[in-house]
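Quick notes on the structure that follows.
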Amino acid sequence: MSRIVVYSKEGCPFCSLLKNELRKRSLTYEEVDLSDDSERQLFYERVGVRTVPQLYLADENHTLEEPTGTRIGGWTEVSRDWKALENGA
């Protein structure tokens, strides 16, 4: 079973929506706080995205420096298909 990892930042309304929905669905997750601008920029460069939140179904090698596993996406992508996430977690 994969771990759910959410990359987010303080004050982000879509990050709050995603985390609230995960809790409502009783899906446990690990959160990586990217409120620091330089850390967030490094993350964006590593994974080729430009927004948070980002949700991963992380494999055993997943780290902040090397996000591995399946990137599900941001709020828009995740909210389209909750069943896929619930089945994969």
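For the reader, a short list of remarks on this structure follows.
- Percent of beta bridges antiparallel (DSSP, the chain, rounded to nearest 5): 70 percent
- Charge tally around ASN20: other residues with Cβ under 15 Å, Lys/Arg +1 each, Asp/Glu -1 each, net +1.
- GLU86/GLU30 FRET efficiency (R0 22 Å; Cβ-Cβ; nearest 0.05): 0.85
- Straightening the chain between GLU60 and GLU77 buys 3.8 nm, computed as 0.36 nm per residue apart minus the Cα-Cα spacing.
- The convex hull of the Cα atoms of the chain, projected and averaged over all directions, covers 5.2 nm².
- Estimated from helices alone, the mean residue ellipticity of the chain at 222 nm is -11500 deg cm²/dmol (sum of -39500 (n - 2.57) over DSSP H runs with n ≥ 4, per residue).
- Taking label points 7 Å from Cα along the Cα-to-Cβ direction, VAL49 and LYS9 give a separation of 1.3 nm.
- Shown for the chain: the carbon plus sulfur share of the solvent-accessible area, taken with all protein chains present and a 1.4 angstrom probe, equals 45%.
- Mean accessible surface per residue for the chain, computed with a 1.4 Å probe while every protein chain stays in place, in Å²: 61 Å²
The values are calculated or read from the model by the stated rules, or taken from the named source; none is laboratory data. These numbers come from a predicted model, not from an experiment. Counting neighbours? That spans all protein chains shown, and the Cβs are built from the backbone with ideal geometry, glycine included. Protein only, heavy atoms only, side chains kept; ligands, DNA and RNA dropped before computing areas. Shrake-Rupley method; radii C 1.70, N 1.55, O 1.52, S 1.80 Å.
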